[in-house]
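Following: one structure in structure tokens, then a few remarks.
The values are calculated or read from the model by the stated rules, or taken from the named source; none is laboratory data. Since this is a predicted model, take the numbers as computed values, not measurements. Glycine gets a Cβ as well: all are built from the backbone with ideal geometry, and neighbour counts include every protein chain shown.
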Amino acid sequence: MKKLNSKKIYMVTGVAGFIGFYLAKRLLEQGCKVIGIDNINNYYDINLKYTRLEKLKPFKKFIFIKGDISDKEMMMKIFTRYKPNIVLNLAAQAGVRYSIENPDVYIQSNIIGFYNILEACRHNPVDHLVYASSSSVYGSNQKIPFEESDFVDHPVSLYAATKKSNELMAHTYSHLFKIPATGLRFFTVYGPMGRPDMAYFGFTNKYFNGEPIKIYNNGDFEHDLYRDFTYIDDIVEGIVRIINSPPVDTVPHKVYNIGNNSPEKLMVFIEVLEKCLSKAVGKEVVFEKIFEPIKPGDVSATYASIDLLQKSMGFKPTTSIMEGLQKFADWYIEYYVR
Ligand SMILES: NC(=O)c1ccc[n+]([C@@H]2O[C@H](COP(=O)([O-])OP(=O)(O)OC[C@H]3O[C@@H](n4cnc5c(N)ncnc54)[C@H](O)[C@@H]3O)[C@@H](O)[C@H]2O)c1
């Protein structure tokens with residue numbers, strides 16, 4: 001486990017969110033001061049966001065500000081007041097499919113919000129800006145595994161386009177104002193207290209509501225969808241290592257994949273989830289399954305090359321889906337069922 005400099009001030013946006021929460025918790029456990037920002041939007045159940053925040057409250061060095069990163073004046077005030085050394089921007093409108101239904105919020109949070117973060121870092125210099133990009137920037141690329149140097153100018157959803165835009169904007173600000181910045185392309189992150197809009201969580205909800213699950217893979221198991229699933233603890237460890245290594249190039253901007261480098265067939269993932277839930281609940285869980293065509297904006301495979309991460313940070317994710325999904329299943333049963 002990599003150590004952090006507890007004399008620095010860390011700002012985590014999206015702190016009530018899945019990844020932001022675990023990251024803030026790790027920083028606080030190591031004695032760091034964390035300024036957390038979140039607008040607590042209702043894209044998914046806000047109770048889960050408050051549950052996460054409750055777990056951060058006992059830490060004396062945690063300050064929570066309810067606010068929107070797209071409010072430039074507020075962001076400038078927060079930066080001037082708290083002078084963060086490390087900024088971790090995890091606030092964003094996530095989700096590929098929702099970007100087809102409600103594009104406005106993606107432009108507001110992911111483009112305007114991110115622009116405000118860059119402007120704030122320009123006027124209040126920081127040691128390192130680390131921000132969330134996404135594996136979705138690889139779109140329908142056929143060459144696998146996906147490498148950071150691959151061509152990513154053909155996004156297939158507005159969500160992906162906003163994340164690719166963030167990488168371009170960060171590069172420009174690093175070039176012009178020498179802001180050390182690192183973008184992280186996360187690959188399907190899962191775990192306890194995860195995002196209810198994600199498939200594994202949604203399937204579990206449906207099962208306990210007595211409803212069938214819909215699987216958007218055409219029912220074609222020969223050519224099933226593949227996803228590189230990454231367990232939350234591996235993501236946090238990757239971020240922590242990256243925090244400690246700001247880029248030092250002439251243009252101090254870098255982009256890394258953080259994935260498992262081991263894609264699973266969607267059907268295998270579902271089978272393992274059924275097994276883990278069966279163990280957690282003490283009876284056999286079998287989902288009733290309906291197969292449907294792949295959805296617009298979805299991609300057929302994600303597969304991370306993590307050579308760059310491993311070479312630069314000496315780290316690669318290690319949690320198997322069996323281990324990670326069991327932790328999710330145990331948490332879910334405890335939180336929702338018992
Ligand atoms: N979880 C994944 O599999 C995954 C994969 C790729 C990329 N990402 C990216 O990682 C980041 C974190 O994702 P997550 O899974 O924790 O999502 P999440 O939705 O759980 O967390 C995001 C948090 O940001 C907050 N937020 C959204 N817009 C905001 C705004 N304008 N101002 C302030 N707060 C705002 C939300 O209320 C939420 O609590 C996001 O940028 C997401 O796009 C996640």
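Things to note:
- Apart from one condition, Pro155 fits all of (1) part of a helix (DSSP H, G or I); (2) out of contact with any strand residue (DSSP E or B) (no Cβ under 9 Å at 6 or more places or on another chain); (3) within 14 Å of the ligand (Cβ to nearest atom); (4) not aliphatic (A, V, I, L, M); the exception is (1).
- Candidates Asp233, Asp249, filtered to the one that is closer than 27 Å to Ile306 by Cβ, out of contact with any Leu (no Cβ under 9 Å at 6 or more places or on another chain) and either aliphatic (A, V, I, L, M) or in contact (Cβ under 8 Å) with a residue 24 or more places away in the chain (or both): Asp233
- Pairs where the first residue, in the range 89-105, is within 13 Å of Ile19 (Cα to Cα) and within 12 Å of the ligand (Cβ to nearest atom) and the second is of a type in the set (D, E, K, R) and outside any loop (DSSP other than H, G, I, E, B), C-beta under 9 Å, 6+ apart: Ala91/Asp38; Ala92/Lys163
- Of everything in the range 1-24 that is touching a Phe, Trp or Tyr at 6+ places or on another chain (Cβ under 8 Å) and not in a loop (DSSP other than H, G, I, E, B), the residue that is surrounded by the fewest Cβ atoms within 10 Å (Cβ to Cβ) is Ile9.
- Looking at Gly202, Gly194, just one residue is among the small types (Gly, Ala, Ser), outside any loop (DSSP other than H, G, I, E, B) and at pLDDT 95 or above, and that residue is Gly202.
- Members of the range 277-298 that are among the acidic types (Asp, Glu), under 28 Å from the mean Cα position of the chain (by Cα) and exposed (fewer than 13 other Cβ atoms within 10 Å of the Cβ): Glu292
- Tally of residues being of a type outside the set (Lys, Arg) and outside any helix (DSSP H, G or I) across the range 275-314: 23
- Whichever residue in the range 110-150 is within 22 Å of Tyr98 (Cβ to Cβ) and either modelled with pLDDT under 95 or small (Gly, Ala, Ser) (or both) and, among such residues, is farthest from the ligand (Cβ to nearest atom): Ser140
- Of the criteria (1) hydroxyl-bearing (Ser, Thr, Tyr); (2) in contact (Cβ under 8 Å) with a residue 12 or more places away in the chain; (3) surrounded by fewer than 16 Cβ atoms within 10 Å (Cβ to Cβ), which one Thr172 fails: (2)
- Tallying residues that are within 19 Å of the chain's Cα centre (by Cα) and either under 26 Å from Asn166 (Cα atoms) or part of a strand (DSSP E or B) (or both) within the range 254-270 yields 10.
- Candidate set: the range 185-237, residues that are within 16 Å of the ligand (Cβ to nearest atom) and among the acidic types (Asp, Glu); chosen: the one farthest from Leu325 (Cα to Cα): Glu237
- Those residues of the range 58-73 which are out of contact with any Phe, Trp or Tyr (no Cβ under 8 Å at 6 or more places or on another chain) and more than 10 Å from the ligand (Cβ to nearest atom), in sequence order: Pro58, Phe59, Lys60, Lys61, Phe62, Phe64, Lys72, Glu73
- Tallying residues that are in contact with a strand residue (DSSP E or B) (Cβ under 8 Å, 6 or more places away or on another chain) and near the ligand (Cβ under 8 Å from one of its atoms) within the range 1-52 yields 13.
- Number of residues in the range 74-88 that are closer than 16 Å to Ile9 by Cα, aliphatic (A, V, I, L, M) and either within 14 Å of the ligand (Cβ to nearest atom) or assigned to a loop (DSSP other than H, G, I, E, B) (or both) equals 4.
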